[in-house]
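Report on the structure given below.
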Amino acid sequence: MIPKKPSILLLYFAALSVSGIAKAQDTNSLVEKLSGGLEKEKAAKQTSQFKTRGFTTRGISTTTAPAVKKETRSVIFTTRGISSARSRGVATAISATDSSAPAQIKQVTAPAENPYGGAGDLPTAPGEQAYEMTYAVDAESQLKGEIKFPKGKTRIVDHDSVRFLIKVAEALKHPTLQDQKFVIEGHASAEGSAEANQNLSQARANSIYDLLVSKSYGVDPGRLLPVGFGETKARFPATSPESALAEDRRVLFFRLVD
């Protein structure tokens with residue numbers, strides 16, 4: 001007997017099924033990346049809770065829980081840029097006296113040299129009144145490279161970036177991550193003035209924040225901290241080819257940790 005050919009409808013539903021599996025795999029891979037050392041963090045907390053119960057053991061070796069790979073991130077703003085840095089709910093999320101806040105801001109004197117090692121200059125002049133924002137992230141959770149911007153713009157550059165952002169939103173709402181907080185770091189390429197690039201990078205972080213908390217994406221705004229780094233993390237000098245400079249017009253995601 002000659003087997004019947006599959007119907008067009010059957011092929012359609014099969015394609016949908018494969019597409020759904022691929023989508024789930026994409027989302028799950030992002031969840032795994034954004035989780036970083038989350039399991040280590042949970043294990044460390046469980047170990048700490050066990051040790052505080054007052055039990056003593058004799059002849060039993062205990063294993064110390066692996067530590068989360070923390071990284072302290074910081075950026076300096078001028079007095080002209082601080083209001084922009086506090087926009088989109090950041091003002092309520094940051095307190096210089098609240099140790100539980102996801103980030104801290106303190107007044108500093110801008111250093112004379114760029115401490116970040118990037119291609120650009122500091123967004124301040126030596127001796128100018130400035131503020132430094134500092135926060136800790138899970139270094140293993142860094143998500144990068146998929147959301148790009150045109151030169152001098154805050155809109156996403158292409159459909160691939162939009163599709164990736166949709167998957168990021170799905171990952172952020174996944175049960176594994178739904179109680180975690182994240183920073184959205186905006187970055188700019190090195191050409192142009194440092195002040196303009198600071199404002200541009202913050203606007204880029206804000207634009208991604210706005211999309212993620214919109215009704216279409218549905219992420220809780222209290223879980224996101226948008227921060228602009230200007231050109232301080234630029235990897236290529238302003239004289240680089242356009243293809244290289246385009247790589248620095250980006251946003252990064254990190255999971256915030258205590």
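What follows draws every value from the coordinates through simple rules; no lab data is involved. Just so we're clear, the structure is a prediction, and the values are computed from it rather than from any experiment. All Cβ positions, glycine included, derive from the backbone under ideal geometry; neighbour counts span all protein chains shown.
For the range 225-258, the set of residues classified as out of contact with any His (no Cβ under 8 Å at 6 or more places or on another chain), basic (Lys, Arg) and buried (at least 20 other Cβ atoms within 10 Å of the Cβ) consists of Arg255 only. Hey, any hits in the range 173-189 for a residue that's over 20 Å from Leu30 (Cβ atoms) and out of contact with any Gly (no Cβ under 7 Å at 6 or more places or on another chain)? The answer is yes; a qualifying residue exists. Among residues that are in contact with a strand residue (DSSP E or B) (Cβ under 6 Å, 6 or more places away or on another chain) and among the β-branched types (Val, Ile, Thr), Val162 is not included.
Looking only at residues in the range 177-204 that are without any contact (Cβ under 8 Å) to a residue 60 or more places away in the chain and out of contact with any His (no Cβ under 7 Å at 6 or more places or on another chain), the one that is surrounded by the fewest Cβ atoms within 10 Å (Cβ to Cβ) is Asp179. Scanning the range 177-223 for residues that are assigned to a loop (DSSP other than H, G, I, E, B) and of a type in the set (Gly, Ala, Ser) turns up Ala188, Ser189, Ala190, Gly192, Ser193, Ser214, Ser216, Gly218.
Among the residues of the range 150-166, just one is among the polar types (S, T, N, Q) and part of a loop (DSSP other than H, G, I, E, B), namely Thr154. For Leu224, the stated conditions hold: it is within 13 Å of the chain's Cα centre (by Cα) and of a type outside the set (Val, Ile, Thr).
Among residues of the range 26-45 that are within 17 Å of Val168 (Cα to Cα), those with a Cβ under 7 angstrom from a residue that is hydrophobic (A, V, I, L, M, F, W, C) and assigned to a helix (DSSP H, G or I), sequence gap 6+ or separate chain, pair up as Thr27/Ala171; Leu30/Val168; Leu30/Ala171; Val31/Ala171; Leu34/Ala171.
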